[in-house]
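Note sheet for the following structure.
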Amino acid sequence: MVRQVRSAVAWLRNNGAERGLDVERIHVGGSSAGGHLAGMVLADGWLEAFDLPPDTIGTVLALSGLHELEPLQHTQVNGWMRFDTGSIAQNSPIRHIPKTSGARLIASVGGLETGEFIRQTLDYAAAWKAAGHAAQVIDMPSHNHFDIALSLCEPDGVLVEAVRASIVRDAQGESA
């Protein structure tokens, strides 16, 4: 799935203009496993493999993402995921934060979620910031793992406003 998402970003960058899309910067987002995939779009090393410029990624919205997969190896999920140390290392976004990035991370997790989702979201955003990158954490105290994504249906909602503002700053050329 990680490769498919990265391929989709590359396809958009390379083919979106002829379909009327602004392809200067690609903005992505996801929730839960999608938050993990959003983190893997931010990860180092893959843009070069797709012959994409280093400034391809703009704003990334990661909601309740799984950014460190090691804890899953000790749960029932591993029965069907079959994680090993190599796949965990390769696919844990927190282990692949680039040294340089102009991308902006917006991270959020519902206050009614489990401690592990909260910890992973906050740890990932802190690691992104510690690397010198732009990161914003948005508190959603009354949301759970499922309705946090539904809040994106609110045109004036805090997450929609944060993403909108970040994309506008990006379009205006403001640095991360």
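Quick note: the coordinates plus some simple rules give every number you see, no bench work behind them. Since we're looking at a predicted model, the values are computed, not measured. All Cβ positions, glycine included, derive from the backbone under ideal geometry; neighbour counts span all protein chains shown.
Could you please state, rounded to a whole Å, how far the C-alpha centre of the stretch 81-140 is from the C-alpha centre of the stretch 3-49?
Using only Cα atoms, the two centres lie 17 Å from each other.
Just grab the label-to-label distance for Glu24 and Ala89, each label 7 Å out from Cα along the Cβ direction, in nm (one decimal).
Taking the two extended label points, one gets 4.0 nm.
Can you work out ³J(HN,Hα) from phi for every residue in the stretch 148-157, in order, using Karplus 6.51 cos²θ - 1.76 cosθ + 1.60 and θ = phi - 60°, giving whole Hz and x for Gly and Pro?
Using θ = phi - 60°, the values come out as 4, 5, 5, 5, 6, 7, 8, x, 9, x Hz.
Remind me, relative contact order of the stretch 2-171 in percent, using alpha carbon pairs under 8 angstrom and six or more residues apart?
20
Using only alpha-carbon positions, what ratio does the radius of gyration of the chain give when scaled by 2.2 N^0.38 Å?
1.01
Over the stretch 109-173, calculate the relative contact order: mean separation of alpha carbon pairs under 8 Å at least 6 apart, over the residue count, as a percent.
Contact order relative to length: 34 percent.
Once both labels are modelled 7 Å past Cα along the beta-carbon direction, what's the Glu154-Ser175 spacing in nm?
3.4
Counting only helical runs of four or more DSSP H residues, what would the 222 nm mean residue ellipticity of the chain come to if each run contributes -39,500 (n - 2.57) and the total is spread over all its residues?
Using -39500 (n - 2.57) per qualifying helix, the result is -12000 deg cm²/dmol.
Could you pull out every residue, at least 5 positions away or on a different chain, whose amide H is within less than 5 Å of the one on Val137? Hs are placed 1.01 Å off N in the peptide plane, and Pro or chain starts have none.
Those lying under 5 Å, H to H, from Val137 are Ala107.
If the chain between Asp55 and Ala8 were fully stretched, how many nm would it gain, using 0.36 nm times the residue separation less the Cα-Cα distance?
Between Asp55 and Ala8, full extension yields 15.3 nm more.
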